[in-house]
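Undergrad: Can you keep this structure in mind? I'll have questions shortly.
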Amino acid sequence: MITQPFKAAGAFIKALPLAVSPGLRIFIVVPLLANFALMALIYMVALSYFNDLIAIAMDYLPSWLAFLHWLFYLIFAAVISVLLFYSFSVGINILAAPFMAFLAEKVEERQTGKVFDEELNAKALLLITGRTLQREMQKILYFLPRFILLLLMSFIPLVNVVSPVLLLLFSAWMLSLQYMDYAFDNNKVAFHDMRQMLRTKPLLCWTFGGIVMVCLTIPLVNLFVMPIAVVAATLLWISVFRPQHGDVSSLVGRTSGLL
């Protein structure tokens, strides 16, 4: 288990030159353009409605909590910012998902020799987009109740001391889940079974998600995170998780918790 963080970091080191290699560069350009377009749209909407959303949320506070106005303002601002960011991430993931799925396929083909039947054409894009929308909906339904639970925990005395740490770990887990999903989905691993497999390598997943999280905070670098993370996740699928594929049934029944 102690080597898992090093495997995650090593995958990113190997992913960078692979992502910019001939034949794979196109998969950086498409999400980059999608990032620019959707980022501009989200920022325009956010700037237009952010204060209005805060005001609406604050109206629900009872008058006897007026002295905590500043605290709830910060909490509501943080929540709305997270929801806007997640909406942005979901939008980008949906737009770029077909290309990221093909990127994961090409990386696996190049690294293992396995040949996938799908070709990059309109019909394949439509099929993958439909499959991806279903998968993204599964992630949203998985994310929301756990996020709300962690958010409510931040209001409980004593428990709220550890809730920021739990939220950070859960965010790293969700980022790992997001980018690992492409290779797993390409190999027909169900969403539930993928989670069971990832739970067997918690340090690897948290390290992977943590690296993505840090990169997303760095200007310009965050524009290229998606394809590099997909390549790194595919490398981890090949080296770590693919040997478990076919024996998923033995993993079912482990404790689930927030993960």
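Undergrad: With θ taken as phi - 60° and the coefficients 6.51, -1.76 and 1.60, list the Karplus ³J(HN,Hα) couplings across the stretch 126-131 in order, rounded to whole Hz; mark glycine and proline as x.
TA: Karplus values, whole Hz, x for Gly and Pro: 5, 5, 5, 4, x, 5.
Undergrad: Ranked by Cβ crowding within 10 angstrom, fewest neighbours first, how are Leu149, Leu167, Leu141 ordered?
TA: Numbers: Leu149 13, Leu167 18, Leu141 10.
In order of increasing Cβ crowding within 10 Å: Leu141, Leu149, Leu167.
Undergrad: Separate question: At a 10 Å Cβ-Cβ cut-off, how would you order Tyr179, Tyr142, fewest neighbours first?
TA: Tyr142, Tyr179
Undergrad: Among 157-166, 104-113, 204-213, how do they line up by average Cβ neighbours within 10 Å per residue, starting with the highest?
TA: Top to bottom by mean Cβ count within 10 Å: 204-213, 104-113, 157-166.
Bear in mind these aren't lab numbers, they're just calculated from the coordinates by the rules spelled out. Quick caveat, the model's predicted, so the values are computed rather than measured. Note: ideal-geometry Cβ built from the backbone for every residue, glycine included; neighbour counts use all protein chains shown.
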